[in-house]
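The values are calculated or read from the model by the stated rules, or taken from the named source; none is laboratory data. Just so you know, these numbers come straight off a predicted model, no measurement behind them. All Cβ positions, glycine included, derive from the backbone under ideal geometry; neighbour counts span all protein chains shown. Note: accessible area is taken over every heavy atom of the protein model, side chains too, but ligands, DNA and RNA are not part of it. Shrake-Rupley method; radii C 1.70, N 1.55, O 1.52, S 1.80 Å.
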Amino acid sequence: MNQANGDVTPHDVRPDGIDGFDNHDDRDGYEVRPGVPTADTYRQLRRSTGLGDKSAEGAAIGLPNTWYGVTVHASPESADGGATNGAGPVGMGRIIGDGGCFFQIVDICVLPQHQGHGLGKRIMAALTAELERRAPAGAYVSLIADGDARHLYAQFGFTETAPASVGMAFMPRPAD
């Protein structure tokens with residue numbers, strides 16, 4: 001699929017067009033769309049929102065393995081005054097995992113100039129709706145909540161696992 005203009009690649013979109021969530025709100029000029037950004041756009045969104053960069057190689061390998069993802073697009077008439085002129089995604093979120101037993105929600109972010117419009121909630125609503133629709137019963141869904149983001153995730157049924165379990169991480173080598 002053509003990924004020109006920093007747009008998105010549709011991923012796991014149902015043929016009937018039903019995606020399980022209300023993806024457009026004409027009142028605020030934002031639209032949540034199924035798909036993942038191009039590797040360049042993905043890396044830019046991560047850098048611009050403080051998530052940190054990932055290598056070009058890692059993004060190119062990882063993004064096609066997304067179980068389900070969404071991007072948020074702003075129209076030129078969006079609530080921020082159209083700063084992006086519809087030039088690409090202003091937010092994103094992804095689900096990764098084995099497709100049966102374990103899933104992880106990752107890369108939830110919204111560009112700073114577009115925050116405060118409920119876009120994080122809309123991203124999470126889209127992702128959790130897809131999990132409810134397609135994930136097998138008993139699947140384990142996890143995420144790492146940075147700072148106050150835990151309050152957003154709690155609204156979608158996520159609970160802290162500590163002290164029974166704690167999140168741990170390992171990076172074999174720093175990103176480029």
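Any idea which of (1) free of Cβ contacts under 8 Å to residues at least 40 places away in the same chain; (2) part of a helix (DSSP H, G or I); (3) surrounded by fewer than 16 Cβ atoms within 10 Å (Cβ to Cβ) is the one residue 174 doesn't satisfy? Among (1) free of Cβ contacts under 8 Å to residues at least 40 places away in the same chain; (2) part of a helix (DSSP H, G or I); (3) surrounded by fewer than 16 Cβ atoms within 10 Å (Cβ to Cβ), residue 174 violates only (2). With respect to being at pLDDT 95 or above and open to solvent by 50 Å² or more (accessible area, probe 1.4 Å), residue 133 fits the description.
So how many residues does the range 125-148 have that are touching a Leu at 6+ places or on another chain (Cβ under 9 Å) and touching a residue at least 24 places away in the same chain (Cβ under 8 Å)? Counting residues in the range 125-148 that are touching a Leu at 6+ places or on another chain (Cβ under 9 Å) and touching a residue at least 24 places away in the same chain (Cβ under 8 Å) gives 2. Would you mind stating whether residue 151 is at negative phi and open to solvent by less than 20 Å² (accessible area, probe 1.4 Å)? So residue 151 fails the test. In the range 123-139 there is no residue that is closer than 20 Å to residue 43 by Cβ, in a loop (DSSP other than H, G, I, E, B) and over 17 Å from the mean Cα position of the chain (by Cα).
Residue by residue, here is whether (1) in contact with a strand residue (DSSP E or B) (Cβ under 8 Å, 6 or more places away or on another chain); (2) of a type in the set (Gly, Ala, Ser); (3) surrounded by fewer than 23 Cβ atoms within 10 Å (Cβ to Cβ); (4) modelled with pLDDT under 95 holds:
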| residue | (1), (2), (3), (4) |
| --- | --- |
| 36 | yes, no, no, no |
| 68 | yes, no, no, no |
| 80 | yes, no, yes, yes |
| 87 | no, yes, yes, yes |
| 96 | yes, no, yes, no |
| 101 | yes, no, yes, no |
| 111 | yes, no, yes, no |
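Answer yes if at least one residue in the range 95-103 is in contact with an Asp or Glu (Cβ under 6 Å, 6 or more places away or on another chain) and under 22 Å from residue 167 (Cα atoms), and no otherwise. Checked against the condition, which is being in contact with an Asp or Glu (Cβ under 6 Å, 6 or more places away or on another chain) and under 22 Å from residue 167 (Cα atoms), the range 95-103 yields no hits at all. Any residue that is assigned to a strand (DSSP E or B), open to solvent by less than 70 Å² (accessible area, probe 1.4 Å) and at pLDDT 95 or above - is there at least one of those in the range 53-61? So far as the range 53-61 goes, no, none of its residues is assigned to a strand (DSSP E or B), open to solvent by less than 70 Å² (accessible area, probe 1.4 Å) and at pLDDT 95 or above.
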